[in-house]
Amino acid sequence: MISTAPAPDLSGTEDLDRLGTRCAQSAMTLTREAEATPPRQLRDFGIPEITARLIPMAPGHLRRVLRETPGLPQGRNEGGARWFTLEEVDEIRAHLERSGTPGRYRPWRPVGAAPKIIALVNPARGSGRTTLALHLAMAAALDGYRVRAIDLDPGAGLTAALGDPGPAGEGAQDTALALFARQAALHLRGQNQARLDRGDAPVPMDAVLGAALETAPAALARPTHWPGIALVPARPELALADLHIPQWRTQIRGWRPWEALSRELARPPQDGEAAPDLVILDTPPSLGPLALAAAAAADVLLVPLEGDAAGTARAGQAFGMLHSAFAAIEEEEAAAARALGTQRVSFAWDALRAVITRYDPIAQGRAAGAIQAGLGPALAAARIEAAPILAQESAVYEAVPRPGRRGGDRQGLARARASFDAAYAEIRDLLQEGWRRGAEAR
C-alpha cells in the first residue's frame, strides 16, 4: 500500500547520501575535538614493579646503581616513591646491558637477523584476536623489543587501543592497503617496461596504484603512546582491499597478493628508519586477501579460540580454511613451476599454535583439558583468562596496580596479567628458537 501520510524529513534514496555526508561531518568534528585534547601517555613505573617485571634485580640493587650512576634517569618523586617512564627504564636497561652480562637485561635477537612476524588469524568474531595482538605488542615492548603493529582489520580495534583514531577523511592511503598497492604497482611497472621494450602499449595504472608508488612505506608506521611500538593504522576504508586486490590480481599477470606483506616486511630499512624486532599482524574477521597475506608472511601463526565447543569448532574451521587456501596456492604454483622448470612454492612456519582466550578456569577447565588432549603441543599451554578489568581498561599492562583497587579488581588484574605474561613468554620462546635455527642454517 502506498502511504499518503506526510513523508518524514529523511526518507528517500537521496537522503542516504545526505546522512552519509552528515556522519562524515560529525566525524570530522569529533576528530578535531580529539586532536585538541592532550595526547595519551603511558603510565610510569615504580621501582618495585620495574625490578619484579622489567629489570631482573633486587630493588636495593637498582637503587644502588642509580645512586652510583647519577647520569642515569633518576625518576620523579611522588608519594615517597620514584617513578620512571618506559623510555627511562630502557635507558637504565641499556646501561646495565653494556656493563653486565650480555643478554641478561635485554631480550635476545641475533645481530643482523630479520624481524620475526606473528599473525593472529581467525575468521570468527569475538575470538580474542585483537586483545591478544595488543597485549603481545605491549609485553614485547616492556621486554625491550621494538615492535611494529600492523592493523589489517577495518574495524580498527588495535588502532583505537593504541591511541591513533586518525585524521578524519584520511582514507586508506595511510593503511596497509598502501603496502599491497605498492607491490602491485611495482610489478605492473616492471611489466609495462617489458611491454614498451616490445613496442606494446602499457597497461594503465589506476589512481590507488599510482599514489602507492609515491608513498614511503616507512612513513606508514606511526609512533604511539607506547614507546617501542609503532603502528600501521587501520581505517574503515581498508575494507576496499577486498575490492582492489582481486582486481589488481586479475589485471596484473603474475602478481601474487599473498606475497605482498612478506616482500614489504623483508624490505631493508631506509635511511633513518628503525627496523623492528617483531611485527604483529592483527587480521579482520574473515579469510580474505589481507588475512591470507598475513598468514603467508608469518613466522608464528596464532589462531585464538574460546575455550568451549563452539569456539573450538570455529578454530577448526579456521585451520581448515587456511589449509584449503594455501593448498590451492601450492597446487597452482606447482603447475606453473612444472611448466617453467622453476622451484615449486610451499608454505612453512616456525610454529602453528592455537591459543585459548577469554578463559574461565572454573567453567571451562574441563573443556580446556579436552582441547589440550585433542590438539596436543599445537595448543599453547598459556590460557588467556577473562577478566572484568579488560572491560574497564584498554589493556592490563596499562592498568595501574594501585593499592586502592578493590580486592577482586586486584586479583583479576593480577591473574589477567599473569596469563598474558605466560602467553608472551611462550611465544617469545618460539620466536627465539626460530632465530636460532635460522642462525644455524646460515
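Please go through the range 348-374 and give me each residue that is under 25 Å from Ala293 (Cα atoms) and in contact with an Asp or Glu (Cβ under 7 Å, 6 or more places away or on another chain), ordered by number.
At the first step, the residues of the range 348-374 found to be under 25 Å from Ala293 (Cα atoms) are 348-357.
Listed by number, the residues that qualify are Trp349, Asp350, Thr357.
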Residue in the range 419-429 that is β-branched (Val, Ile, Thr), buried (at least 16 other Cβ atoms within 10 Å of the Cβ), closer than 20 Å to Gly311 by Cα and at pLDDT 90 or above present: no
Yes/no for Arg64 being in contact with a strand residue (DSSP E or B) (Cβ under 8 Å, 6 or more places away or on another chain), over 28 Å from Ala425 (Cα atoms) and at pLDDT 90 or above: no
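Of everything in the range 289-328 that's in contact (Cβ under 8 Å) with a residue 40 or more places away in the chain and surrounded by fewer than 17 Cβ atoms within 10 Å (Cβ to Cβ), which residue is farthest from Asp429 (Cα to Cα)? Quick ask: steps written out before the conclusion?
The first filter runs over the range 289-328 and keeps only residues in contact (Cβ under 8 Å) with a residue 40 or more places away in the chain, leaving 289-291, 293-309, 311-312, 314-315, 317-318, 321-322.
Next, from what is left, pick out any that are surrounded by fewer than 17 Cβ atoms within 10 Å (Cβ to Cβ): 309, 317.
On the way: Ala309: 29, Gln317: 27 Å.
So the residue we want is Ala309.
Here are some residues: Ala114, Ala124, Ala161. Which one is small (Gly, Ala, Ser), over 21 Å from Pro73 (Cα atoms) and surrounded by 23 or more Cβ atoms within 10 Å (Cβ to Cβ)? First the steps, then the outcome.
On the way: Ala114 fails: surrounded by 23 or more Cβ atoms within 10 Å (Cβ to Cβ); Ala124 fails: surrounded by 23 or more Cβ atoms within 10 Å (Cβ to Cβ).
None of the other options fit; the residue is Ala161.
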Selected residue [closer than 30 Å to Val396 by Cβ and either free of Cβ contacts under 8 Å to residues at least 40 places away in the same chain or not assigned by TED's automatic domain parsing to the domain that holds Trp258 (or both)] from Pro233, Pro204, Pro223: Pro223
Residue within the range 320-336 that is closer than 29 Å to Ala266 by Cα, of a type in the set (Asp, Glu) and either outside any helix (DSSP H, G or I) or modelled with pLDDT of 95 or more (or both) present: no
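Scanning the range 179-219 for residues that are in contact with a Leu (Cβ under 7 Å, 6 or more places away or on another chain) and in a helix (DSSP H, G or I), which turns out nearest to Ala291 (Cα to Cα)? Walk me through it before giving the result.
From the range 179-219, those in contact with a Leu (Cβ under 7 Å, 6 or more places away or on another chain) are 179, 181-182, 184-185, 188, 202-203, 205, 209, 217; that's our starting set.
Within this subset, residues satisfying the condition of being in a helix (DSSP H, G or I) are 179, 181-182, 184-185, 188, 209, 217.
Working: Leu179: 14, Ala181: 16, Arg182: 18, Ala184: 17, Ala185: 20, Leu188: 23, Leu209: 20, Pro217: 19 Å.
For the range 179-219, the residue satisfying everything is Leu179.
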Leading residue by the ranking (surrounded by the fewest Cβ atoms within 10 Å (Cβ to Cβ)) among those in the range 47-74 that are in contact (Cβ under 8 Å) with a residue 24 or more places away in the chain and more than 20 Å from Asp143 (Cβ to Cβ): Thr69
Checklist (1) at pLDDT 90 or above; (2) outside any helix (DSSP H, G or I); (3) surrounded by 15 or more Cβ atoms within 10 Å (Cβ to Cβ) applied to Leu42, failing item: (1)
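Report whether or not Ala399 is crowded, with 18+ Cβ neighbours inside 10 Å and either modelled with pLDDT of 95 or more or in contact with a strand residue (DSSP E or B) (Cβ under 8 Å, 6 or more places away or on another chain) (or both).
On the way: crowded, with 18+ Cβ neighbours inside 10 Å: yes; either modelled with pLDDT of 95 or more or in contact with a strand residue (DSSP E or B) (Cβ under 8 Å, 6 or more places away or on another chain) (or both): no.
For Ala399, the condition - crowded, with 18+ Cβ neighbours inside 10 Å and either modelled with pLDDT of 95 or more or in contact with a strand residue (DSSP E or B) (Cβ under 8 Å, 6 or more places away or on another chain) (or both) - is not met.
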Failed criterion for Ala140 (all others in (1) at pLDDT below 95; (2) part of a helix (DSSP H, G or I) hold): (1)
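Of the residues Thr85, Thr131, Thr159, only one is in contact with a Leu (Cβ under 9 Å, 6 or more places away or on another chain), under 30 Å from Gly20 (Cβ atoms) and of a type in the set (Ser, Thr, Tyr); which?
Working: Thr85 fails: under 30 Å from Gly20 (Cβ atoms); Thr131 fails: under 30 Å from Gly20 (Cβ atoms).
Testing whether each residue is in contact with a Leu (Cβ under 9 Å, 6 or more places away or on another chain), under 30 Å from Gly20 (Cβ atoms) and of a type in the set (Ser, Thr, Tyr) leaves just Thr159.
The values are calculated or read from the model by the stated rules, or taken from the named source; none is laboratory data. Quick caveat, the model's predicted, so the values are computed rather than measured. Quick reminder, even Gly has a Cβ in these numbers, built from the backbone with ideal geometry, and neighbours come from all protein chains shown.
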